[in-house]
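Here the structure is laid out as structure tokens; the discussion comes afterwards.
The values are calculated or read from the model by the stated rules, or taken from the named source; none is laboratory data. Only a predicted model underlies this, so the values are computations on that prediction, with no experimental measurement involved. FYI the Cβ positions are ideal-geometry reconstructions off the backbone, even for glycines, and counts take in every protein chain you see.
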Amino acid sequence: MQTKEYGVILVGHGGIPKDYPSERVSKLKRLEAQRRAAGQPMSQEEYELDTNIRTWPRTPETDPYQAGLEALAAQMKPMLNGAQFSVAYNEFCGPTLSEAVENLIVQGAKHITVVSTMFTPGGSHSEYEIPEEMEELRAKHPDVKLRYAWPFNLNQVAQMLTDHINQFA
């Protein structure tokens, strides 16, 4: 497979920038809870708040989570044999998973694998939201092979964490 046709997206949770106004976060969370409870699409007000927080200027000081995910991505990219590579976020930060997929498709990707940083089962993002979004993207792009590399093999995750712990023993 040509590497230009293969893409990988690393999806992280996303963090709230330290300098983002707390009243806007509260309003966004309230609107999100109301929407989910009612089973309705995002309102214009929620969309505008979501877009505002995702596009808020960030530095490693104001958003250490983003800086950490970008550092992990920088370590991963050379290990992917020249595949196109992108980072995406579930919330609070951009790009979204959909935006990252669309960008890789524009760059020629025909096979895209999505992997989450959320290793354990039971989380709404990794178990429900990402798979739902992947189904929507598959319907929109039937000629693109979209894979979700989840769930993780918990034995491998446990081994990785144990190896890490042993470095401190």
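The table for this structure:
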| read-out | value |
| --- | --- |
| ARG35 vs. criteria farther than 15 Å from HIS125 by Cβ, basic (Lys, Arg) and crowded, with 19+ Cβ neighbours inside 10 Å | no |
| Search result, residues across region 41-63 that are out of contact with any Leu (no Cβ under 7 Å at 6 or more places or on another chain) and either at pLDDT below 95 or charged (D, E, K, R) (or both) | PRO41, MET42, GLU48, ARG54, ARG58, GLU61, ASP63 |
| Breaking point among (1) surrounded by 12 or more Cβ atoms within 10 Å (Cβ to Cβ); (2) over 13 Å from the mean Cα position of the chain (by Cα); (3) at positive phi; (4) not acidic (Asp, Glu), for PHE92 | (2) |
| Residue, surrounded by the most Cβ atoms within 10 Å (Cβ to Cβ), within region 1-31, restricted to residues that are charged (D, E, K, R) and within 26 Å of ASN103 (Cα to Cα) | GLU5 |
| Which listed residue is farther than 26 Å from PHE119 by Cα and either of a type outside the set (Phe, Trp, Tyr) or modelled with pLDDT under 95 (or both), from LEU69, LEU31 | LEU31 |
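Okay, residues lined up against (1) assigned by TED's automatic domain parsing to the domain that holds GLY12; (2) over 25 Å from MET42 (Cα atoms); (3) among the basic types (Lys, Arg); (4) assigned to a helix (DSSP H, G or I):
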site	(1), (2), (3), (4)
ASN103	yes, no, no, yes
GLY108	yes, yes, no, no
GLU127	yes, no, no, yes
ARG138	yes, no, yes, yes
THR162	yes, yes, no, yes
